[in-house]
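A.B. asks: Quick one: the structure is below, and I'll ask about it shortly.
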Amino acid sequence: MFDDFFIRALVAGIGIAFVTGPLGCFVVWRRLSYFGDTLAHSALLGVTIAYTLEFNIAVSIFITSSIIALILVKLEKKTNLPGDALLGLLAHSSLAVGLVAIGFLTFIRFDIMGLLFGDILAVTTDDLLTIWIGGALILLVLKLIWKPLFASTVNYELAEAEGLNPDRAKAIFTILMAAIIAISIKMVGLLLITGMLIIPTAMARNLSDNPQKMVIFSIIGGLLSVFIGLFSSLEFNTPSGPSIVAAALVLFIFSLFKIKQTIQLKN
Amino acid sequence: MNIENNILVKLNEVGFQQNKKWLVKGVSLQVERGKIVTLIGPNGSGKSTTAKIALGIYKNIEGQVEKFTNNIGYVPQKISIDWTLPLRVKDFMLLTDVLKDDALDEALTLTGVKHLKDKNLGNLSGGEFQRVLLARAISKKPELLVLDEPVQGVDFTGEIALYELIKKISEKINCGILLISHDLHTVMTATDHVVCLNGHVCCSGSPKDVARNNEYKALFGEQASQTLSVYEHKHDHEHSNDGEIKKN
């Protein structure tokens, strides 16, 4: 069944959409889209390390991104630079270092375009296992930390005062972000993974009046984007990542009409 | 829980500094079950800071905080909620605890905002939101309630009703309350113990004792002192220093 590359890509995409939906909601609610970008950029460094040491790519990306997240926390405490400057610094320097390192690795042929924008041809049966097992783990952990994470997203002090330990939830969430990037990079590409996290969620925001609904719509949006994106990628021979994100954008644009309607109804 | 004397939270010589400036220093107080302790003081005197120290929101503090309960309801002074998050009143009510629907309805009915249950939090007025905040804090029947100016923005008649409600709740569920308020009139009638802050504890005791205190007069003026005395005449009992009721 998984012999066909397209079926593999589709199964991988479905797995990813189930995870990016709920995580994406927190990325939007907590204003972390640039943070997600930084982690994704650092993934290139993870890929180079994986090739150099002949190591599992997903694990390597996961470790590199987690380290970058730790460095960010340290820098925020030690310097007087604003958060967005630090994010930019880490994002572009890790991308640059990653690209320089690739330049040195002349003995390996890299598909840079595939890394940056995703490649459906590259999804193997092993990748499917990584995505579905990794994705299930991410969702399980997210379910466990949902209450403190959500409460502190609404208001940190309320969560802290009423004994929910929001700092721990935040730290675990950061690890989950690194994990979703690690498992979805092959499919969506490192430049566009944040798009997969936030665009279906942005669409969902336009359609929902409560958090549960937003999570569900966000998953549905992600699934639709994967279906439409992959079919058009196959049809028009376009790279998979941009096709999926462009499909998500189209859905977002449609969702704007719904807002317009509700505003008109209110008037 | 400390069964012996029903203490819920105890602050011992606590202090907190931010940017090398002490916000409060040397504050000792305790909240007991069924008692209302009120913090008063001018702006910037460290009332909210003291409450946050008691709640464990501030971590690098001087002194000791002993908490004997984890069932706490908190109404913060300022709360900013990001409207990228779609949140109805009933979602907000369930934020830190799992509640049955009737517990939720009961709390919303008590603060008079049950009709807003399905409304989006972003569409509430300041006073309505304040009532929801209070409902959320009491809905889980906490052992300790920390209320930082809980009636700000509420209309005048509502204000009195809510203070009465707070008093009633403390009796009904027998919880301890740490209350911060600017409104000397209404608060004093319902308080067991007053702590007057101005970066440190400038005086504390029963409302009557505090009203007579010279430091209190210096801080709030003679007028405020008289206000308190006037209100005390409505009492049919007196409080001793530790908040116990003394029969006349």
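A.B. asks: Within 14 Å of chain B (Cβ to nearest Cβ), buried (at least 21 other Cβ atoms within 10 Å of the Cβ) and part of a helix (DSSP H, G or I), is that true of A:ILE183?
C.D. replies: Taking the combined requirement at face value, the residue does not satisfy it.
A.B. asks: Restricting attention to segment B:69-89, does a residue exist that is at pLDDT 90 or above, more than 11 Å from chain A (Cβ to nearest Cβ) and within 21 Å of the chain's Cα centre (by Cα)?
C.D. replies: no
A.B. asks: Name, by its number, the condition in (1) within 14 Å of chain B (Cβ to nearest Cβ); (2) touching a Leu at 6+ places or on another chain (Cβ under 9 Å) that does not hold for A:ASP167.
C.D. replies: (2)
Condition check ((1) surrounded by 21 or more Cβ atoms within 10 Å (Cβ to Cβ); (2) in a loop (DSSP other than H, G, I, E, B); (3) of a type in the set (A, V, I, L, M, F, W, C)) across all residues:
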site: B:GLU13; (1), (2), (3): no, no, no
site: B:SER28; (1), (2), (3): no, no, no
site: B:GLY34; (1), (2), (3): no, yes, no
site: B:GLY44; (1), (2), (3): no, yes, no
site: B:ALA54; (1), (2), (3): yes, no, yes
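A.B. asks: So in segment B:185-200, with the set limited to residues that are over 15 Å from B:PRO150 (Cβ atoms) and under 13 Å from the mean Cα position of the chain (by Cα), which one is modelled with the lowest pLDDT? Outline the logic, then answer.
C.D. replies: Quick first cut of segment B:185-200, residues over 15 Å from B:PRO150 (Cβ atoms) only: B:185, B:188-189, B:192-200.
Retained after the next criterion (residues that are under 13 Å from the mean Cα position of the chain (by Cα)): B:188, B:192-195.
Working: B:MET188: 70, B:ASP192: 86, B:HIS193: 89, B:VAL194: 88, B:VAL195: 89.
So, considering only residues that are over 15 Å from B:PRO150 (Cβ atoms) and under 13 Å from the mean Cα position of the chain (by Cα), the one modelled with the lowest pLDDT is B:MET188.
A.B. asks: Out of the helices (runs of 4 or more DSSP H) lying entirely within segment A:188-267, which hold 1 or more residues that are polar (S, T, N, Q), in contact with a Gly (Cβ under 7 Å, 6 or more places away or on another chain) and within 14 Å of chain B (Cβ to nearest Cβ)?
C.D. replies: Working: elements: A:193-207, A:211-236, A:240-266.
The helices (runs of 4 or more DSSP H) meeting that bar are A:193-207, A:211-236.
Residue-by-condition table, conditions (1) surrounded by fewer than 22 Cβ atoms within 10 Å (Cβ to Cβ); (2) more than 18 Å from B:LYS59 (Cβ to Cβ); (3) under 18 Å from the mean Cα position of the chain (by Cα):
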site	(1), (2), (3)
A:TRP132	yes, yes, yes
A:ALA136	yes, yes, yes
A:LEU144	yes, yes, no
A:PRO148	no, no, no
A:LEU158	no, no, no
A:GLY163	yes, no, no
A:LYS170	yes, no, yes
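A.B. asks: Closer than 13 Å to A:MET177 by Cα and either within 14 Å of chain B (Cβ to nearest Cβ) or within 12 Å of the chain's Cα centre (by Cα) (or both), is that true of A:PHE35? Quick ask: steps written out before the conclusion?
C.D. replies: Details: closer than 13 Å to A:MET177 by Cα: yes; either within 14 Å of chain B (Cβ to nearest Cβ) or within 12 Å of the chain's Cα centre (by Cα) (or both): yes.
For A:PHE35, the condition - closer than 13 Å to A:MET177 by Cα and either within 14 Å of chain B (Cβ to nearest Cβ) or within 12 Å of the chain's Cα centre (by Cα) (or both) - is met.
A.B. asks: Restricting attention to segment B:73-98, which residues are touching a helix residue (DSSP H, G or I) at 6+ places or on another chain (Cβ under 6 Å) and more than 26 Å from A:SER218 (Cβ to Cβ)?
C.D. replies: Passing the criteria: B:GLY73, B:TYR74, B:VAL75, B:PRO76, B:GLN77.
A.B. asks: Within segment B:90-107, how many residues turn out to be facing chain A (nearest Cβ under 10 Å) and part of a loop (DSSP other than H, G, I, E, B)?
C.D. replies: Pass one, segment B:90-107, residues facing chain A (nearest Cβ under 10 Å): B:90-92, B:94-98.
Pick out the ones that are also part of a loop (DSSP other than H, G, I, E, B) and you get B:94-98.
Adding up the residues that qualify gives 5.
The values are calculated or read from the model by the stated rules, or taken from the named source; none is laboratory data. Nothing here was measured: the structure is a model prediction, and the numbers come from that model. We place every Cβ from the backbone using ideal geometry, glycine too, and count neighbours over all the protein chains shown.
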